[in-house]
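Here, each number is a calculation from the coordinates, and none is a lab measurement. Computed from a predicted model, the values in this text were never measured in an experiment. Please note: Cβ atoms are built from the backbone with ideal geometry, for glycine as well, and neighbour counts cover all protein chains shown.
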Amino acid sequence: MSAHDHAEGHLPHEPEKATLDARNKILGFWLFLGAEVVLFGTLFAAFLALRHSVGDGPTAGELFQLPMVFGATMILLTSSLTSVFAVQAMHHHNKKSMVTWLIVTILLGLAFLGLEIYEFVEYVHEGHKFTTSAFSSSFYTLVGFHGAHVAFGVVWIALVIGQVFKKGLTVVTAPKVYISAMYWHFIDVVWVFIFTVVYLMGKVAG
Amino acid sequence: MAAAHAHGHKVKRYSGLMDWLTTVDHKKIGILYFIAGFFFFLIGGLEAIIIRIQLLKPMNDVVAGDTFNELITMHGTTMIFLAAMPLLFALMNAVIPLQIGARDVAFPFLNSLGFWTFFFGGVLLNLSWFAGAVPDAGWTSYVPLAGSIYSSGHGVDYYVLGLQIAGIGTLLGGINFMATIINMRAPGLTFMRLPMFTWAIFITSALIVFAFPALTVGLVALMFDRLFNANFFDVANGGNGVLWEHIFWVFGHPEVYILILPAFGIISEVVSTFSRKRLFGYSSMVFATVLIAFLGFMVWAHHMFTTGLGPVANGLFSIATMLIAVPTGVKIFNWLFTLWGGSIRFTTANLFAIGFIPTFVMGGVTGVMLASAPADYQYHDTYFVVAHFHYVIVGGLILGIFAGLHYWWPKMFGRILNETLGKITFWTFFIGFHLTFFVQHFLGLLGMPRRVYTYLGGQGYDDMNFISTIGAILMGIGTIVFLINIFVTWAKPRNASNDPWEDGRSLEWTIPSPPPEYNFKQTPLVRGYDAWWKEKMEGKTAMTPAEPVGSIHMPSPSILPFIMSVGLFIAGFGFMYDQLIVAGVGLAITLGCMVVRSLVDDHGFHIEPEEQDKGVQA
């Protein structure tokens, strides 16, 4: 049951689950996401413990501009949808459509990152630096960890697209597309919590 | 060097040192974990003996106070992260795929990566001795002591980065073994037929997956505080020191179950084999294990009773902690009932297992005493606590590991360890252990505080400290005898049979010792719990195969895990000494290897039936 045996045959409906190797990878990645939940959970816990300790720096209420963050949220949510379209296209063995949706996903991810960098630069100008207060340190660590995950995802999906171009859609490349999509959804879910806990609660329950 | 053809793919196979650096074979990785783990065990043991010699008599001055702080910090950290866990990983790697009838783990490449990150993390941490900046804030590294004000040197940085790198390896191992046990079991091997050791490792792996990321975040926060002036734990800037305690123990308490559950698994296997009886209450054992793991996440604040969380929190955490005694008691009674009426053989492995039972009960009893928050105010930070956790970790885990090593040694290396030397190891270590730690209960009750480098005479501490030191030296002798046993056995011919104890019950005893690199020529069909015992009782001499003889697919060896770990090692030094370019280069090496791994497909290779007959030895 090597991946190789299937690569030359015709593609099954769910090519990402065709080999034991691929099923192992999908299961292993779910477990990894379980670990990531604890990782972000701990970061959230630290942030919640420290979010009122603003010292001389600005408070969350003074700092956050909800319209822009809402825009970023919409962009990231949409990118999750486009990655679903990519996996749908993969199930229909439509390589061209799949790659197109993956590229759209990447572009949306980059747009989100651009907004986040702009936001961070703004905050630093307003005196909200990494070392300003316990609030600022935990804010940048939590949101920054998420941003780094988005950046990693963008590079990863780009590499997957490259491999699909080179090797075609096979039982080897299909799980890579599927797993990168799982990762992307996870990042999206984490952001939903960040938007709620960091931004909305910072503005409303501050 | 066996030539390998995989439908036209040639795979380069290495020999000698390169074979060990590139191997993805779980059996070889198990041996690597054993060698590295035992090496760190010797270092940690040496540190312990120096600590005990310093405490031999009042006002002793073998080491200075600050060196003593470094010794206790490094002893604890080394023993937990670099000795106990790798020795468990050694047994996991050596045994689990064999017990479930698999040809390898789910992710052989990650398995190798896990070993090398652990190894380089451990080396980084221990290089602190040579850098002259040794961690000295205790293995729990509490802030503000571990913060940049009170620990201004690089000592705690070595702790933070060494553990961070080693922790990656542990997390990968946890994910890997969970996926392996879920997906790679032989046909017929349902969950409720799994050997108890496999169950224990399955649950342990789940604990690793859900506990280690908390440590990762704690270490990141401490690193940011120390290296980039963040304010997580800096009270002057709004940080919170108790936050570190919470994060550390949210990881740290499940960690002690990560250590002890595999020992429970080992004891179950050994006791059952050498009583020639089915494990008593198998399903209750499984559920007790699951329950202990679940409760293990609910009790972290019992390490913080004196922090001032208030009576409600202390009360809840007290009760939750005491509840753990119930499933643990179930296990103790099950082992006793397994022994009851069995035809018991007192092999070295079984001596360690039987020695484990009363020793661990004593550790459990003091555990329940400590769980009572008001009483804990008296025991806190005294030698009573030191006695308690050494009873559960050394008396539990280390006795379990010795039992496991003696039991599975023939499967790992093809030779049975010398039984006479083994028994000398057991008696010296066992007596030495009780001599060292039993009196420490009373030292604690008399009020001797832990972590002090010396004490004044005439307080009633002198004799008991003297006895304790003699015991520690006896444990050291026991360990040396074990080392001698390894070399004596090494010189003997490799002649262990498939089932060297003759009473083997699970699948690892159906294949040669050591197994060929593909483990099972034909995947076995499992027809019940104690699969091999069941076949033997029906007069069979081999398992029923579940597949015809055929070409076996194997993963290719790779040097990438080694290089990736070197990259992290370099990055660790870069961060520590503020050379961000060096750190960048290190991370680039690691990420570059990840890209290479992703882009280049590993087709592996096949071992054809005619090669299998020649016997490709691992």
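Computed from label points 7 Å out along Cα-Cβ, the spacing between residue B:613 and residue B:325 is 6.4 nm.
Given the stretch B:1-137 reduced to its alpha-carbon atoms as identical point scatterers, what log10 I(q)/I(0) does the Debye formula return at q = 0.21 Å⁻¹? Results for the stretch B:1-137 at q = 0.21 Å⁻¹ read -1.20. As a rough footprinting exposure proxy, the listed residues B:282, B:377 were ranked by other beta carbons within 10 Å of their own, and the order from fewest upward is B:377, B:282. Helix A:134-167 and the longest principal axis of the C-alpha atoms of chain A enclose an angle of approximately 20°.
Computed over every Cα-Cα pair of chain B and binned at 10 Å starting from 0, the pair-distance distribution P(r) comes out as 3, 16, 27, 27, 18, 7, 2, 0 percent. Treating r as the C-beta distance of residue B:46 and residue A:30 and R0 as 41 Å, the FRET efficiency rounds to 0.45. Pairs of alpha carbons in the stretch B:323-466 separated by more than 28 Å make up 30% of all such pairs. Per-residue shielding of B:165-176, expressed as the average number of other chain Cβ atoms within 10 Å of the residue Cβ, stands at 2. Sorted fewest first by neighbouring Cβ atoms within 10 angstrom, B:41, B:118, B:426 come out as B:41, B:426, B:118.
Would you compute the Debye intensity of the stretch B:413-504 from its alpha-carbon atoms alone, equal scatterers and no solvent, and pass along log10 I(q)/I(0) at q = 0.18 Å⁻¹ to two decimals? Values returned for q = 0.18 Å⁻¹ are -0.82.
Taking H placed 1.01 Å from N in the peptide plane, check which residues at least 5 places from residue B:554 or on another chain put their amide H under 5 Å from its amide H. When sequence neighbours closer than 5 places are left aside, the close amide H contacts are B:605, B:606, B:607.
Along its principal axes, the stretch B:62-179 has C-alpha extents of 53, 28, 23 angstrom, given from the largest down. Each Lys and Arg Cβ is given +1 and each Asp and Glu Cβ -1; about its Cα centre, chain B then shows a dipole of about 1460 debye. Here the Debye sum runs over all C-alpha atoms of the stretch B:93-153 as equal scatterers in vacuum, and log10 of I(q)/I(0) at q = 0.13, 0.19, 0.30 Å⁻¹ comes out as -0.59, -0.79, -1.17. Averaged over the residues of peptide B:221-228, the number of Cβ atoms from other protein chains lying within 10 Å of each residue's Cβ is 3. For residue B:546 and residue B:497, a Förster radius of 22 Å and the Cβ-Cβ distance give a FRET efficiency of 0.40, rounded to the nearest 0.05. For chain A, the longest principal axis of the Cα atoms and the long axis of helix A:95-125 meet at an angle of about 10 degrees. Rounded to 0.05, the FRET efficiency of the residue A:125 and residue A:201 pair, given R0 = 25 Å and the Cβ-Cβ distance, is 0.55.
Where nothing but the Cβ of Lys and Arg (+1) and of Asp and Glu (-1) is charged, how large is the charge dipole of the stretch B:520-618 around its Cα centre, in debye to the nearest 20?
Dipole size: approximately 260 debye.
Over the Cα atoms of the stretch B:490-589, Rg to Rh with Kirkwood Rh, two decimal places? Radius of gyration over Kirkwood radius for the stretch B:490-589 works out to 1.30.
Put simply, the C-alpha atoms of the stretch B:129-196 give a gyration tensor, and the ellipsoid matching it has half-axes of 42, 12, 9 Å, longest first. Find the percent of Cα-Cα distances in the stretch B:290-337 that exceed 14 Å, and round it to a whole number. Counting pairs separated by more than 14 Å, the tail of P(r) holds 54 percent. With the alpha-carbon atoms of the stretch A:51-126 aligned to their principal axes, the span from lowest to highest coordinate is 57, 19, 18 Å, starting with the largest. All C-alpha to C-alpha distances of the protein assembly as shown, sorted into 10 Å bins beginning at zero, yield P(r) values of 2, 12, 22, 25, 20, 12, 5, 1, 0 percent in whole numbers. Over all directions, how big on average is the projection of the convex hull of the alpha-carbon atoms in the stretch A:84-206, in square nanometres? Mean shadow area of the hull around the Cα atoms is 8.2 nm².
Taken over the stretch B:78-127, the alpha-carbon convex hull comes to 61 cubic angstrom per residue.
Given the alpha-carbon gyration tensor of the stretch B:203-316, what are the semi-axes of its equivalent ellipsoid in whole angstrom, ordered largest first, with each equal to the square root of 5 times an eigenvalue?
37, 17, 9
Rounded if a/c is under 1.5, else prolate if a/b beats b/c, else oblate: with a ≥ b ≥ c from the C-alpha gyration tensor eigenvalues square-rooted, which is the stretch B:294-405? It comes out prolate by the Cα gyration axes.
Only DSSP H runs of four or more residues enter the estimate; each adds -39500 (n - 2.57), and after division by the residues of chain B the mean residue ellipticity at 222 nm equals -21500 deg cm²/dmol. Exposure proxy for B:267, B:398, B:357, B:570: other Cβ atoms within 10 Å of each Cβ, ordered fewest to most, give B:357, B:570, B:398, B:267. The share of alpha-carbon pairs in chain A lying farther apart than 21 Å comes to 56%.
Here, the stretch A:1-105 is characterised by an Rg to Rh ratio of 1.17, where Rg is the alpha-carbon radius of gyration and Rh the Kirkwood radius.
Shielding value for B:238-246 is 5, the average number of Cβ atoms from other chains within 10 Å of each residue's Cβ.
Averaging the Cα positions of each part gives two centres, and for the stretch B:17-72 and the stretch A:143-180 these lie 41 Å apart. Of the DSSP H helices in chain B, those with a Cα length along their own long axis of 27 Å or more and a mean Kyte-Doolittle hydropathy reaching 1.0 comprise B:26-54, B:108-131, B:155-183, B:196-228, B:241-275, B:348-371, B:419-446, B:462-490, B:580-599.
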